[in-house]
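These notes concern the structure reproduced below.
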Amino acid sequence: MTGDDTTPAEAPAPSDARIAPTHTGSLPADEVERLTTDLIAALKTVYDPEIPVDIYELGLIYKVDLDDDRNLEIDMTLTAPGCPVAGEMPGWVENAARSVEGIQDVKVNMVFDPPWSAERMSEEAQVALNWW
């Protein structure tokens, strides 16, 4: 996670579905670590209904910014722009992120650049989908 006073984290590199847990603001490092862990757990409860893998492991979360007021801004994508739940999934992600204790506000942005590809999936997702 990055703060408003830092350069935003880039989309994960291919084969890396992880969000960068960095923050250089004034929040204590242990709090940022807890928020990061809890946010990842919350995001892992959201599934693409057509794929039996959570959106975090699929690599659909591109960027998470955490500011010093504990507000999140999340950039995410879909496996395909024509996904039937394109209008609903950002709300699912927002609700999951809002469930994290200490988070004040959440904004979810749908982005399609760079386009999602299977290389963004974690090894866990690849195993679950038998892509080995």
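General remarks:
- For segment 29-128, the ratio of Cα radius of gyration to the globular rule of thumb 2.2 N^0.38 Å stands at 1.04.
- Among the GluC sites (Glu not before Pro) in segment 31-63, those located in a DSSP loop and surrounded by at most 11 other Cβ atoms within 10 Å of their own Cβ are 50.
Bear in mind these aren't lab numbers, they're just calculated from the coordinates by the rules spelled out. On a predicted model such as this, the values are computed, not experimentally measured, just so you know. A quick note on method: Cβ atoms are made from the backbone with ideal geometry, for glycine too, and the neighbour counts reach across all protein chains shown.
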